[in-house]
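Since the structure comes first, as structure tokens, the remarks are kept for the end.
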Amino acid sequence: MRQRPTRPLRQLGAVWPWALLLCAAAQAQNANPQQGEQIANNGLPPSVASCASCHGSKGQGMAAFPPLAGQVASYLRSQLDAFADGARGNPIMAPIAKGLTPQQRADVAAYFASLPSGIAASPGQADAKDKGAWLVERGRMQDGIPACSSCHGPGGAGVGAHFPAIARLSASYMQAQIDAWKKGSRPPGPLGLMEGIAKKLSSDDVNAIAQYYAGASGAAKP
Ligand code: HEC
Ligand code: HEC
């Protein structure tokens, strides 16, 4: 067996998220998930459509509409802020996020964070014959691609405040995010970690990864 290429990242991962967590805690004051539930189900007529109409009644997502259930609140909140200020360019989400006050963004983020993601955080098996499995569990050392699971956790279930769950994402949504990082229409995120990785992933890689997660036990169930 080769050495896992991701060991230094694992060690890093054990240390610096604490510093980031402190910032996240400072941001999450007084969010009201009950208010968030109202917005999720009813929107704010007439300007903001219900989140459920696209992201699903339980935040489970569908194809181009990513799942929100169980995603950590600080991540959801930062994405809503980025849509609102244009740092994450998206013509559908921009007016919706702008239509919410910062308090309402925090409320709706807290609501979706409280729902179960349904992802089993069980470690997967690297398989040299399965490109997706290998990329997720081992990465591709020669191209400087670390294992997705070294940051996004076993089963792609997400870790802490800054590594979102990626197990349920459709290939098309995942590809859209990778392209957005490549062309700079999505903020680089914490320490630019993901932006750097995105630039090294081909569409073939992305398809294989999404397929692997969809087939991994528990990952496909919302
Ligand atoms: C008309 C459909 C539609 C509605 C209604 C909608 N969204 Fe979205 N949402 C999208 C699409 C499409 C994306 C993916 C954007 C992209 O590709 O960057 C998205 C992405 C997001 C993301 C980013 C998720 C991630 O994993 O990074 C968040 C957070 C979000 N929406 C929250 C909400 C909230 C909260 C509401 C209700 C107030 C809402 N959305 C209503 C279509 C919708
Ligand atoms: C070194 C840590 C690290 C590794 C390794 C990593 N990611 Fe990420 N990833 C992140 C961070 C941090 C974010 C959140 C970015 C943000 O806040 O905008 C992220 C976000 C994402 C998102 C966006 C999720 C959403 O809901 O929009 C996708 C897709 C993604 N990563 C895919 C991958 C894939 C595929 C791999 C493996 C090839 C991978 N990541 C490996 C750190 C990492």
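Condition first: in contact with a Phe, Trp or Tyr (Cβ under 7 Å, 6 or more places away or on another chain) and near ligand 2 (Cβ under 7 Å from one of its atoms). Now tell me which residues in segment 191-209 satisfy that.
Answer for segment 191-209, where residues must be in contact with a Phe, Trp or Tyr (Cβ under 7 Å, 6 or more places away or on another chain) and near ligand 2 (Cβ under 7 Å from one of its atoms): just 194.
Spot the failing condition for residue 18; the list is (1) at pLDDT 90 or above; (2) aromatic (Phe, Trp, Tyr); (3) more than 12 Å from ligand 2 (Cβ to nearest atom), and only one is missed.
(1)
If you take the residues in segment 119-144 that are of a type in the set (A, V, I, L, M), surrounded by 19 or more Cβ atoms within 10 Å (Cβ to Cβ) and within 18 Å of residue 164 (Cβ to Cβ), which one is farthest from ligand 1 (Cβ to nearest atom)?
Ranking the qualifying residues of segment 119-144, first place goes to 135.
Take segment 91-118 and flag every residue that is within 8 Å of ligand 1 (Cβ to nearest atom) and in contact with a Phe, Trp or Tyr (Cβ under 6 Å, 6 or more places away or on another chain).
The answer is 93, 97.
Rundown of residues vs (1) assigned to a helix (DSSP H, G or I); (2) hydrophobic (A, V, I, L, M, F, W, C), yes/no style:
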{"position": "135", "(1), (2)": "yes, yes"}
{"position": "155", "(1), (2)": "yes, no"}
{"position": "182", "(1), (2)": "yes, no"}
{"position": "191", "(1), (2)": "yes, yes"}
{"position": "195", "(1), (2)": "yes, no"}
{"position": "201", "(1), (2)": "no, yes"}
{"position": "214", "(1), (2)": "yes, yes"}
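Please work out which residue is farthest from residue 170 (Cα to Cα), limiting yourself to segment 41-85 and to residues that are assigned to a helix (DSSP H, G or I) and near ligand 1 (Cβ under 6 Å from one of its atoms).
80
More than 16 Å from ligand 2 (Cβ to nearest atom), closer than 19 Å to residue 186 by Cα and outside the structural domain of residue 187 (by TED's automatic domain parsing) - does that describe any residue in segment 68-86?
Within segment 68-86, not a single residue is more than 16 Å from ligand 2 (Cβ to nearest atom), closer than 19 Å to residue 186 by Cα and outside the structural domain of residue 187 (by TED's automatic domain parsing).
Please work out if residue 134 is hydrophobic (A, V, I, L, M, F, W, C), in contact (Cβ under 8 Å) with a residue 12 or more places away in the chain and outside the structural domain of residue 89 (by TED's automatic domain parsing).
no
For residues in segment 157-177 being hydrophobic (A, V, I, L, M, F, W, C) and near ligand 2 (Cβ under 7 Å from one of its atoms), which is surrounded by the most Cβ atoms within 10 Å (Cβ to Cβ)? Break it down stepwise before answering.
As a first pass, look at segment 157-177 and keep what is hydrophobic (A, V, I, L, M, F, W, C): 157, 159, 161, 163, 165-167, 169, 171, 174, 176.
Filter once more, so that each one left must be near ligand 2 (Cβ under 7 Å from one of its atoms): 163, 166, 169, 174.
Values: 163: 24, 166: 27, 169: 24, 174: 21.
This residue is 166.
Within segment 157-166, how many residues turn out to be modelled with pLDDT of 95 or more and part of a loop (DSSP other than H, G, I, E, B)?
Total meeting the criteria: 5.
The values are calculated or read from the model by the stated rules, or taken from the named source; none is laboratory data. Remember, it's a predicted structure, so these values are computed and weren't measured experimentally. Cβ coordinates were reconstructed from backbone atoms using ideal geometry, including for glycine residues, and neighbour counts include every protein chain displayed.
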